[in-house]
Amino acid sequence: AVALVGELAQERPRTAAAHVAVFVGRRLEHGPGDRAVLRPLVVALLHSPSVSVRAALAGVLAEPGTPASRALRTELLDLLFTQERDPAVLDAVLTEAARGAARRGRPRTRDLVHRTGQLLVRTPEGAACFDRRLVDLARAVPGFAALVTRWLAAQPQEWAALVGPGARRMVENLSGQGVPA
């Protein structure tokens with residue numbers, strides 16, 4: 001099945017991306033027993049020239065998962081962070097970080113958002129994308145604006161290089177809380 005999924009992702013990346021992500025997500029939940037088979041597939045998919053495959057996979061890896069899948073998800077997500085620079089793929093991580101915040105916990109969510117922001121702000125387009133998506137997610141995901149506001153207030157210097165002033169004001173307005181200048 002793993003070989004078939006790999007072939008499908010290679011031959012029809014756009015139509016297969018969502019199906020490949022579902023397959024990987026389910027196999028991750030099988031726990032460490034599937035590691036030997038699943039890890040090589042995911043590593044190969046993370047090197048795929050298809051942005052749609054990598055983005056779909058990024059969303060799955062950023063999901064909170066269960067204790068059975070958490071270690072491998074984290075390991076594969078770390079690999080993604082070392083090599084990925086495409087804003088669409090990083091946006092998938094950011095989106096899942098916001099959506100899964102309540103199940104993942106604050107420290108892990110903060111780390112995902114911060115690491116994604118550090119990669120995105122390396123270019124002006126990426127910085128604009130990060131600000132725009134942070135505001136969009138603060139609007140769309142209940143509790144996310146308040147969470148971001150707490151991070152900004154707790155460590156303003158650390159977040160100053162990542163979050164622009166306009167995004168800071170919007171997040172502040174959405175959360176109803178003050179963000180230090």
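At 1.4 Å probe radius, can you tell me the per residue accessible area of the stretch 73-181 in Å²? Numbers along the way, then the final one.
Details: 5070 Å² over 109 residues.
Using a 1.4 Å probe on heavy atoms only, each residue of the stretch 73-181 averages 47 Å².
Which one, (i) 12.8; (ii) 9.8; (iii) 12.2, gives mean projected area of the Cα convex hull in nm² as derived from the coordinates shown?
This structure yields the entry labelled (ii).
Accessible area of the chain with a 1.4 Å probe: how many percent of it is carbon plus sulfur?
57
Need the full-extension length gain, ASP136 to HIS114, defined as separation in residues times 0.36 nm minus the C-alpha distance. One decimal, nm.
On the way: separation 22, 0.36 × 22 = 7.92 nm, distance 1.63 nm.
Answer, rounded to one decimal: 6.3 nm.
Compute the longest continuous run of the chain that contains no exposed trypsin sites (Lys or Arg not before Pro); treat a site as exposed when its DSSP state is not H, G, I, E or B and it has at most 13 other Cβ atoms within 10 Å.
My reading of the result: 1-84 is the longest stretch.
Measure out, as a whole number of angstrom, how far apart the alpha-carbon centroids of the stretch 114-181 and the stretch 4-50 sit.
Between the Cα centre of the stretch 114-181 and that of the stretch 4-50, the gap is 31 Å.
The values are calculated or read from the model by the stated rules, or taken from the named source; none is laboratory data. Predicted model, so just to flag it, every value in this text is computed and none were measured. All Cβ positions, even for glycine, are placed from backbone atoms using ideal geometry, and neighbour counts span all protein chains on display. To get the accessible areas, we keep the full protein, side chains included, count just its heavy atoms, and leave off ligands, DNA and RNA. Shrake-Rupley method; radii C 1.70, N 1.55, O 1.52, S 1.80 Å.
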